[in-house]
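Read through the structure below, which is laid out as structure tokens, and then see the notes.
The values are calculated or read from the model by the stated rules, or taken from the named source; none is laboratory data. What you see is a predicted model, and the numbers here were worked out from it, not measured in a lab. Here the Cβ is made from the backbone with ideal geometry for all residues, glycine too, and neighbour counts use every protein chain on show.
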Amino acid sequence: MNINFRKTSDDNEYIDYFQLFFATALSSVLLLIVVIRAVKTGITYDEGYTYITYARDLSIDKFPEIFRNAVANNHWLNTILINLVRRASNADFNEFLIRLPVIVSYALYMILLLFLFYKKRISLWVFCLFVLSYYLNEFFGLARGYGFAVFLNTAGLFLYNEWKLTSRDIFISMGFLCFAVSAASITLSLLVLLPVGIVVLARMVHERRLGSYAKSQILWLVFVGVICALMAVYNYNISHGDGPIPPSGSSNLYGAFAEGFVRMFMQNERLARGISIVSAVAFVGSMIFFARKIPASNFVLPFFLHLLIWFLAHLFSGFYPEDRTLLASFPLIVLSIVEIASWVANYLTGSRWKDVYSLLAPGIKIFVAIFLAICFFNNISLNSTHDWRNNYDAKYTAYEVYNKRSSIESYPPDLTASMTFYRYKIMSEFGFDIFMGRYVGRGIYGGEK
């Protein structure tokens with residue numbers, strides 16, 4: 001299955017360089033938005049907590065204790081990379097450098113999608129579906145693990161697709177590695193790896209080559225398995241430790257995957273609800289109409305299993321993913337939508353409606369791309385993100401207090417980590433403690449001249 005509506009088997013088919021230029025220009029603009037916002041905005045609660053508690057002074061001897069007693073705020077890959085950037089740059093409490101690793105992952109995400117577009121693996125409207133989510137754009141500029149997960153899960157799914165097309169085991173092995181590292185970004189990526197792994201296992205058993213694959217890739221599979229096992233145990237620890245973060249999320253499957261996904265593209269509640277209802281009805285109708293295609297599908301079957309796994313997980317946790325916890329599933333949802341759209345297109349092309357479809361299809365794709373672009377630029381901001389929106393006043397407040405050489409008397413509890421971050425930042429820069437309202441010496445513990 002080709003995940004677009006154009007031919008991919010004709011090596012002599014020329015790429016549309018105008019479309020490639022447009023996609024490259026759009027990618028550059030979106031990346032620039034992320035960079036500007038990362039430079040301009042202050043640190044959010046979760047970023048500040050991660051940096052102060054885990055990333056700033058991370059060392060190997062601290063790993064066991066963090067593994068046992070950390071909270072869900074600690075995304076391992078993000079934490080480790082922030083620490084490496086801090087050590088390499090020797091810069092402390094620098095908002096942009098703290099966010100640099102995830103920004104680099106955004107650049108890699110764009111490069112991957114542009115490469116796939118150049119190779120005619122995806123069409124322009126599919127490219128737009130991958131990049132024109134304002135919510136995703138925001139998280140590629142925040143020092144969290146979600147952006148890494150989206151990039152790595154996207155890469156893993158395309159490697160899995162390449163394996164299905166070519167039967168070359170190196171692709172699925174690389175795909176498993178992407179999913180495993182993604183699980184080190186956020187453990188919810190394990191719920192993307194699991195359905196893909198089930199599909200791969202079933203195919204290998206059916207083709208009677210599971211044993212030969214396992215023998216040839218044993219060291220690779222052990223490495224991937226160790227990472228996944230560690231992240232599974234870590235997820236259990238942060239869920240059942242002394243101070244677990246209370247479960248939160250959507251209470252139903254429709255709210256999580258239909259409304260939740262649509263809200264990643266638009267904030268207008270009435271419009272989002274209407275599109276969610278239409279999308280859910282279309283999805284269920286397609287599942288019924290194309291039921292025979294599901295077992296052989298590339299992405300719809302893993303997505304169906306993904307929903308089933310989330311349903312079973314919901315029986316124990318009481319909630320489904322919502323907002324940022326749905327981001328790990330974002331690439332799988334997009335690719336499932338694209339695959340279903342290709343089924344509909346192929347059906348219409350072979351039906352009596354083929355002339356109507358041929359006439360309307362280009363306009364529909366252009367409309368979708370323009371609509372996504374309008375929604376994106378209507379919701380995006382260079383000064384804040386939708387999550388932690390009120391946290392961005394912390395930087396302004398902290399420096400205003402310093403300029404007046406006074407002290408902070410009170411602040412909302414959800415600004416605690418942000419204000420603590422700027423307390424230490426100002427102490428490091430000027431030696432002034434905005435909590436105590438006096439000079440204490442440079443450094444986060446004071447006393448340095």
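Summary table
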{"item": "Which listed residue is of a type in the set (A, V, I, L, M), free of Cβ contacts under 8 Å to residues at least 60 places away in the same chain and surrounded by 12 or more Cβ atoms within 10 Å (Cβ to Cβ), from VAL401, VAL368", "result": "VAL401"}
{"item": "Of the criteria (1) in a helix (DSSP H, G or I); (2) free of Cβ contacts under 8 Å to residues at least 60 places away in the same chain, which one ASN78 fails", "result": "(2)"}
{"item": "From ALA398, ALA394, ALA369, residue being touching a Phe, Trp or Tyr at 6+ places or on another chain (Cβ under 8 Å), in a helix (DSSP H, G or I), of a type outside the set (Ser, Thr, Tyr) and under 17 Å from PHE265 (Cβ atoms)", "result": "ALA369"}
{"item": "Number of positions in region 418-434 that are among the aliphatic types (A, V, I, L, M) and within 21 Å of ARG389 (Cβ to Cβ)", "result": "1"}
{"item": "Condition broken by ILE309, with the remaining ones in (1) under 21 Å from TYR236 (Cβ atoms); (2) loosely packed, with under 15 Cβ neighbours inside 10 Å; (3) modelled with pLDDT of 90 or more; (4) not aromatic (Phe, Trp, Tyr) satisfied", "result": "(2)"}
{"item": "Some residue of region 99-110 being farther than 25 Å from GLU259 by Cα, of a type in the set (Ser, Thr, Tyr) and either modelled with pLDDT of 95 or more or in contact with a Gly (Cβ under 9 Å, 6 or more places away or on another chain) (or both)", "result": "yes"}
{"item": "For ASN137: the one exception among (1) of a type in the set (S, T, N, Q); (2) out of contact with any Phe, Trp or Tyr (no Cβ under 7 Å at 6 or more places or on another chain); (3) more than 26 Å from GLN267 (Cβ to Cβ)", "result": "(3)"}
{"item": "Matching residues, region 182-215, being surrounded by 14 or more Cβ atoms within 10 Å (Cβ to Cβ) and hydroxyl-bearing (Ser, Thr, Tyr)", "result": "SER182, SER185, THR187, SER189, TYR213"}
{"item": "Conditions (1) modelled with pLDDT under 90; (2) crowded, with 16+ Cβ neighbours inside 10 Å: number failed by PHE316", "result": "(2)"}
{"item": "Qualifying residue in region 366-387 (condition: closer than 25 Å to MET287 by Cα, polar (S, T, N, Q) and either out of contact with any Pro (no Cβ under 6 Å at 6 or more places or on another chain) or not assigned by TED's automatic domain parsing to the domain that holds ASN268 (or both))", "result": "no"}
{"item": "Where a residue in region 202-221 is without any contact (Cβ under 8 Å) to a residue 24 or more places away in the chain and under 13 Å from ILE172 (Cβ atoms) and its partner, wherever it lies, is in a helix (DSSP H, G or I) and among the hydroxyl-bearing types (Ser, Thr, Tyr), with Cβ under 7 Å and at least six apart", "result": "MET204/TYR213"}
{"item": "In region 146-156, the residues that are within 14 Å of ASP323 (Cα to Cα) and in contact with a Leu (Cβ under 6 Å, 6 or more places away or on another chain)", "result": "TYR146, VAL150"}
{"item": "Residue count, region 314-323 (criterion: over 18 Å from ALA258 (Cβ atoms) and either in contact with an Asp or Glu (Cβ under 9 Å, 6 or more places away or on another chain) or assigned to a helix (DSSP H, G or I) (or both))", "result": "3"}
{"item": "Lone qualifier among ASN137, ASN78, ASN83, ASN94 - being farther than 27 Å from TYR17 by Cβ and either small (Gly, Ala, Ser) or buried (at least 22 other Cβ atoms within 10 Å of the Cβ) (or both)", "result": "ASN78"}
{"item": "Qualifying residue in region 121-143 (condition: among the acidic types (Asp, Glu), within 19 Å of the chain's Cα centre (by Cα) and in a helix (DSSP H, G or I))", "result": "yes"}
{"item": "Qualifying residues in region 364-410 (those that are acidic (Asp, Glu) and either within 29 Å of the chain's Cα centre (by Cα) or modelled with pLDDT of 90 or more (or both)) - the one farthest from ILE426 (Cα to Cα)", "result": "ASP387"}
{"item": "Some residue of region 278-298 being under 18 Å from the mean Cα position of the chain (by Cα), crowded, with 16+ Cβ neighbours inside 10 Å, hydroxyl-bearing (Ser, Thr, Tyr) and in a helix (DSSP H, G or I)", "result": "no"}
{"item": "Positions within region 244-277 being surrounded by fewer than 19 Cβ atoms within 10 Å (Cβ to Cβ) and either of a type in the set (S, T, N, Q) or at pLDDT 85 or above (or both), in sequence order", "result": "SER248, SER251, ASN252, GLN267, ASN268, GLU269, ARG270, LEU271, ARG273, GLY274, ILE277"}
